[in-house]
1. For GLU266 and ASN325, what does the FRET efficiency come to when R0 = 22 Å and r is the distance between their Cβ atoms, rounded to the nearest 0.05?
2. For GLU192 and GLU47, what is the calculated FRET efficiency with R₀ set at 51 Å and r taken between the beta-carbons, to the nearest 0.05?
3. So for THR241, THR249, fewest C-beta neighbours within 10 Å to most, what's the order?
4. State which entries of LYS290/LYS387; LYS111/LYS278; LYS58/LYS200; LYS364/LYS387 exceed 31 angstrom in Cα-Cα distance in the structure shown.
5. So if each residue of separation counts as 0.36 nm, and I subtract the Cα-Cα distance between LYS288 and VAL354, what length gain in nm does that give?
6. Quick one: net charge of ARG298's neighbours, Cβ under 10 Å, K/R +1, D/E -1?
7. How do 195-201, 218-224 rank on mean C-beta neighbours within 10 Å, highest first?
8. Once you treat every alpha carbon in the stretch 56-159 as an equal point and sum by Debye, what is log10 I(q)/I(0) at q = 0.10, 0.16, 0.17 Å⁻¹?
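All of the numbers you see were taken from the coordinates with simple rules; none came from a lab. Please read these numbers as outputs of a predicted model, since none were measured by experiment. Glycine gets a Cβ as well: all are built from the backbone with ideal geometry, and neighbour counts include every protein chain shown.
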Amino acid sequence: MRANAVACAQKVTSAAPAKVLTARTRRTRTTIIRARAGAKTDAKKSEMGTPFSTWVLKQEMIDTIDNEHAIVLQSISVACKQIASLVQRAGLAGMTGLAGGEQNIQGEDQKKLDVISNEIFCDTLRLSGRTGVIASEEEDVPVAVEETYGGNYVCVFDPLDGSSNIDAAVSTGSIWGIYAGDSQCVPDFSTETPAEVEAKCVQNVCQPGENLVSAGYCMYSSSTILVVSVGEGVYGFTLDTAVGEFIMTHEKIQIPKSGKIYSFNEGNYDMWTPGLKKYMDSLKTGGKEKGTKPYSARYIGSLVGDFHRTMLYGGIYGYPGDTKNPNGKLRLLYECAPMSFLAEQAGGAGSTGVGRVLKVMPEKVHQRVPFFTGSSDEVSYLESFMK
Ligand code: AHM
Ligand code: MG
C-alpha cells in the first residue's frame, strides 16, 4: 500500500477548464437549439415517469450534456443497478463482513462489498470508453483509463458509502462527480513513465467542486433511488425492479429553505469547538426562533441516506472537524463536493462552516473537509456560530 500523501500538483487552478459549459452558456445553447428545431417545449410540462435513459438522451438532445457525458451517466446507472442487486442479496450470498482484513489507503477496513462495488464502478466506467481518469475512495491514486477513445471525462466516486451499515441491512449509497478532463493533462501511455501518467491523473482529478459538470448519488434502501444533476436542477429516479429501469419520481427537487431536523454524530460533542457546541445547544431550544419547538435529531450514519432525507424534508446534515480530526471525516472530492453541487442545484447549501465547499481547491486526492449541508437558512445559521 502506498503512503497516504497523494498531493495535488499546483498546475490545475480553480479556473474552469475550457470544455466546461457554464449554466448560462448551456441555457443559451439550449434556447438556440430548441428554437432552431422548433421543438415544442413546455416548461411546465411534467417529466415524471420518464425513464432515466430517455431523460439522459433528452439532455443530450437539448445540449445540456454532450454524447460522451451521456454515455458516462448511462454507465453509472448500470453500475448502480448491479450494486443495488448485490446489496439486496448481501446477507443471503455471504457478502457481508470484511474483505479478508484489507484496508483502504485511508486505513479504513474494507468490506467485501466495498471491494466488489469499486470493481463494478471501475469496470463499467472503463468499458464506457469515455472516462480518461477515475478516482475512487477505495483506490490509492487516480487511475488513467487506457481504453478511452472519447470524452476523457474525469469521474470521482465513492462506490459504496456508509458500508459499515451493510451487515445490518441499513441504507448505503454510491456518490459520484464528473469533471471535464484538462486537455493539457491527457496521459500518453506510449511515451510517459507510470509516474508521469500518475502525476497527470492527479492533476486532472484535483479540481474544485465548482468545475463539476454533473454529480449524483444512488441510495440503496427500501427502494433504490438515483439522484442526479447536470447543472440544470436535481432529478430523482426510482428503480423499477420489474423492468430494470430507473423511472423519474422526483422532478426538480428543491430543498426546503429551512427545516427543524439536524443530523450530526453528537457522540463527538465533547471534541467540538465552543461555537459548534453553542449551536447544537441552541437547536434544542428552537434554534433561531428561541423558545419554539426543539429540532428533531435524525442520524443514520450513512451520508447518502441522511443527505437524501435532508433534500426532501429540509434541515441540516453536518460532519464537523473536532479536536481529534480537525477536518472531520468526509472526503472533499467524492463525498462533499458532489453533495454540495446537488445541494446548491436544489436551492440549498454546502459549506465547510466558513465558506462554500465548491470553492475549496483540493490539495490531496483523499483530502477531508468539515461539511455542513441542507436548507440554506439552516446552513447560514450554523455558519453564524463558526466565525
Ligand atoms: P465511509 O466512506 O467509510 O463509508 O464513511 C463515510 C460515512 C458517511 O456515510 C457517514 O455520514 C459517516 O461516515 C458516519 O460516520 P460516523 O460513524 O463517524 O458518524
Ligand atoms: Mg465514503
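1. So the FRET efficiency works out to roughly 0.90.
2. 0.70
3. Lowest count first: THR241, THR249.
4. From LYS290/LYS387; LYS111/LYS278; LYS58/LYS200; LYS364/LYS387, over 31 Å: LYS111/LYS278; LYS58/LYS200.
5. That pair, LYS288 and VAL354, stretches by 21.9 nm at full extension.
6. Once positives and negatives cancel, what remains is 0.
7. 218-224, 195-201
8. Relative scattering, expressed as log10 I(q)/I(0), comes to -0.32, -0.74, -0.81.
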